[in-house]
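The numbers here are math on the coordinates, done by the rules we state, and not lab data. Everything quoted here is computed from the prediction, not taken from an experiment. Glycine gets a Cβ as well: all are built from the backbone with ideal geometry, and neighbour counts include every protein chain shown.
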Amino acid sequence: MFVSLLISSLLLSAAVCIVINLIFRKTVHGLLQRTVPEDLAAAFQRYLQFAIYVIGIGGGVRFYQIERYVYPSDPDKNGKITQIVLNSDRWTLEMVRTVIETLQSIAWLLFLFFLIMLIAYLIVSNRKQH
């Protein structure tokens, strides 16, 4: 059951990354064309797409959270050690967490990218005026 959860989280996180890459492809391309030379724009866009996958999957598939279904938890106040059972409710919760964490990780990455592009655009447009 653990392996199925891990693979499902990985695939769901990758699917979310694909959708986000498709949604932001034109916007990213347009920003890069305005701020960097054409030959660099394509390279930067490929790198950002790669970063979306790495950051998104790394943030969405939380290995340290999924580990608790394999290893017993810490003893409670009575000294009893229990293992968390992976039932359908927890499965659903983990899938929702995967989507949310993936989106949150990508959102921070894109926020930082757009902030840097805004600064670069202001610098480039200021140089053109002078």
(request) Measure off 7 Å from each Cα along the Cα-to-Cβ vector at F2 and T27, then give the distance between these two points in nanometres to one decimal. (result) 3.9
(message) If I take R0 = 35 Å and measure r between the Cβ atoms of T92 and Y71 in this structure, what FRET efficiency does the formula 1/(1 + (r/R0)^6) give, to the nearest 0.05?
(response) 0.95
(request) Mind checking which of F2, V61, W91 is farthest towards the positive end of the chain's charge dipole, using Cβ charges of +1 (Lys, Arg) and -1 (Asp, Glu) about the Cα centre? (result) V61
(request) Determine one quarter of the surface area of the Cα convex hull of the range 91-130, which equals its mean projected area, and express it in nm² to one decimal. (result) 2.4
(message) Given the DSSP H assignment, sum -39500 (n - 2.57) over each helix run of at least 4 residues in the chain and divide by its residue total; what's the result at 222 nm in deg cm²/dmol, nearest 500?
(response) -28000 deg cm²/dmol
(request) Whole Å is fine, so just give me how far the alpha carbon centre of the range 88-111 lies from that of the range 1-74. (result) 11
(request) Pop the C-beta distance of S125 and I18 into the FRET formula with R0 = 35 Å and round what comes out to the nearest 0.05. (result) 0.60
(message) Under the √(5λ) rule applied to the eigenvalues of the Cα gyration tensor, what semi-axes describe the equivalent ellipsoid of the chain? Give them in Å, descending.
(response) 42, 15, 10
